[in-house]
Amino acid sequence: MSFPENFTPELVVESPGRINLIGEHTDYNLGYVLPTAIEKKITFKFKRNQTEKECNLYSLGYNTGFTLQLDKIARSNVEWENYILGVLNEILLRTDKLRGFNCTIESKLPMGSGLSSSAALECGLAFGLNELFDLGLSKMDIVQLSQKAEHTFVGTQCGIMDQFASVMSEKGHVILLDCKSLEHQQIPIHIAPYKMIMLNTKVSHNLASSEYNTRKRECEEGVAIIKKKYPEVMSLRDVTATMIQEFVETIDTTLFKRCSFIVSENERVLKTAKALKANDLKLFGSLLYEAHEGISKLYEVSCPESDFLVDFSKQYSAVLGARQTGGGFGGCTLNIVHKDKVNAFVEEATKAYKEAFNIELEAFEVQPSAGTYIQN
Ligand code: GAF
């Protein structure tokens, strides 16, 4: 096929990745999260191709593409194609206005780095097609259908945080999202003279997807036990710290660890939002360290590489806090570092990480950015 050579798009859409300041694995437990989009993103270029059903998609980074027919959507053996197919399937369940199109995809978002390249891919595609064919989907429809696509075609039973952050973020703000009611507040973030520095472990242990679904199941099992005593409890969101302590002897140790992490993580999100509003950066930092401890010891979704970087950062008074961000088992750590010490910290972390794991660390600053948008 001649596509993507000489391709002149009708529409260009930018779809960002996200970081989550705090509130990990709380979304599918209907709790609180505090994410924001970042400048690293995926660029989609779209053009209608005047066919009824043929769609051509091409990944510029991987130099590979595929053609599909809208009336023959089925799961593929190629992982990235399932994100696309899942989104198209969900759109077709909601509207009959979709027609053939060509699309190139170019990502500046490292895959498997905990920055949610999956949601960026799903939401960017849905957002672009909504514009191109005037599908009439709201932003919330785009968020929800993208999440559903991940459940049905990719097989990860993810919560709503990543898609929400990718679409709804506003520049300079983090979103305090209640994953039960979907009510949210945009909180302006001013952390000067500190900066948000990401350290990419460059590892993505392949436990991530299966363990993710296991954690979700463990939380559900915990809720079923708690419910016997407290029938009003519908999710871990409804469980307080005092309530969970009552089950220390009666719930299996693993389930108890999982549930107590979620209960305490929800509290930390709310405390962090307050700390940011009050500009209490020390408290913000210490909550990040506390969260990582729980991620590592109670929820057990960290890995030696992330633990190493978080521990390493603790030697520096110029670092207020750090933790692994995202689903877990690698990806990036978020570090709150004084602007004057960023270079020294990154240099020393890079050296120590190389000595420990023989991996070249990647470091970059992030700024809270706008969600999915059309490039003019
Ligand atoms: C992944 C999921 F997609 C999110 O829904 C969320 O659960 C996150 O892991 C952990 O907080 O990114």
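Rule-based calculations on the coordinates, nothing more; no lab input. Since we're looking at a predicted model, the values are computed, not measured. Virtual Cβ from ideal backbone geometry, glycine too; neighbours counted across all protein chains shown.
Is the C-alpha gyration tensor of segment 129-237 telling us rounded, prolate or oblate? Criteria: a/c under 1.5 is rounded; beyond that, a/b larger than b/c is prolate, otherwise oblate. Show your work: numbers first, answer last.
Working: a/c = 1.42, a/b = 1.25, b/c = 1.13.
Rounded.
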- Item | Cross-link pairs beyond the 28 Å C-alpha cut-off, checked among Lys216/Lys277; Lys47/Lys139; Lys139/Lys202 | Lys216/Lys277; Lys139/Lys202
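Considering all projection directions equally, how large on average is the shadow of the alpha-carbon convex hull of the chain, in square nanometres?
On the way: hull surface 77.8 nm².
So the mean shadow area of the Cα hull is 19.5 nm².
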- Query: Between Arg323 and residues 5 or more places away or on another chain, which pairs have amide H atoms under 5 Å apart, with H built 1.01 Å from N, and which residues are they?
  - Reply: Leu334
- Item | Size of electric dipole in the chain: Cβ of Lys, Arg +1 and of Asp, Glu -1, about Cα centre, debye, nearest 20 | 400 debye
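If eta is 0.692 mPa s and T is 37 °C, what Stokes-Einstein diffusion coefficient results for segment 79-164, Kirkwood Rh from Cα pairs, in µm²/s? Kindly include the intermediate steps, with their values, before the conclusion.
Details: Rh = 12.9 Å.
It comes out at roughly 254 µm²/s.
Scan the chain and note any complete DSSP helix (H) whose C-alpha atoms cover at least 20 Å along its axis and whose Kyte-Doolittle average is 0.5 or more. All intermediate terms of the calculation are to be shown ahead of the outcome.
Numbers: long enough: 79-94 (24 Å, 0.24); 117-132 (22 Å, 0.81); 208-229 (33 Å, -1.22); 253-277 (36 Å, -0.11); 281-297 (24 Å, 0.15); 342-357 (22 Å, -0.16).
Helices meeting the criterion: 117-132.
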- Query: What is the fewest-to-most order of His151, His173 by other Cβ atoms lying within 10 Å of their Cβ?
  - Reply: His151, His173
- Message: Taking amide H atoms as placed 1.01 Å from N in the peptide plane, list the residues 5 or more away in sequence, or in a different chain, whose amide H sits under 5 Å from that of Ser169.
- Response: Ala37, Gly371, Thr372
- Message: In Å and on Cα atoms, what radius of gyration and Dmax does segment 194-365 show?
- Response: 17.6, 54
- Message: Let's see if you can work this out: charge +1 on each Lys and Arg Cβ, -1 on each Asp and Glu Cβ, no other charges. What is the dipole magnitude of segment 82-163 about its Cα centre, in debye to the nearest 20?
- Response: 40 debye
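Within segment 292-367, report the GluC sites (Glu not before Pro) that DSSP leaves as loop and that have at most 16 other Cβ atoms within 10 Å. Numbers along the way, then the final one.
Details: sites: Glu293, Glu300, Glu305, Glu347, Glu348, Glu355, Glu360, Glu362, Glu365; in loops: Glu300, Glu360.
Listed in order of number, the matching sites are Glu360.
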- Query: Once fully extended, how much extra length lies between Ile191 and Val203, figured as 0.36 nm per residue of separation less the alpha-carbon to alpha-carbon distance?
  - Reply: 1.5 nm
- Just tell me the longest site-free run in the chain, where the sites are trypsin sites (Lys or Arg not before Pro) in a DSSP loop having at most 16 other beta-carbon atoms within 10 Å. 181-313
- Message: So if I place +1 on the C-beta of Lys and Arg and -1 on the C-beta of Asp and Glu, and nothing else carries charge, what would the dipole magnitude of segment 154-278 be about its Cα centre? I want it in debye, nearest 20.
- Response: 380 debye
- With a point put 7 Å past each Cα toward its Cβ, work out how far Lys139 is from Thr250 in nm, to one decimal. 4.4 nm
- Task: Mind computing the radius of gyration and Dmax over the alpha-carbon atoms of segment 1-111? Å is fine for both.
- Result: 16.2, 48
- Yeah, segment 11-189 with a ≥ b ≥ c from its alpha-carbon gyration tensor (a/c under 1.5 is rounded, else prolate when a/b outruns b/c, oblate otherwise) is prolate
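Could you list, in their original order, any pairs among Lys108/Lys274; Lys108/Lys351; Lys297/Lys351 whose Cα atoms are separated by more than 29 Å?
Numbers: Lys108/Lys274 33 Å; Lys108/Lys351 25 Å; Lys297/Lys351 26 Å.
The answer is Lys108/Lys274.
Pairs to check: Lys180/Lys339; Lys229/Lys282; Lys45/Lys171; Lys180/Lys257; Lys271/Lys339. Give those whose C-alpha atoms are more than 31 Å from each other in this structure. Show your work: numbers first, answer last.
Details: Lys180/Lys339 37 Å; Lys229/Lys282 38 Å; Lys45/Lys171 23 Å; Lys180/Lys257 22 Å; Lys271/Lys339 24 Å.
Listed pairs above 31 Å: Lys180/Lys339; Lys229/Lys282.
Given axes a ≥ b ≥ c from the Cα gyration tensor, I'd like to know whether segment 259-304 is rounded (a/c under 1.5), prolate (a/b larger than b/c) or oblate.
Values: a/c = 3.91, a/b = 1.78, b/c = 2.19.
It is oblate, given that a/c is not under 1.5 and a/b is not larger than b/c.
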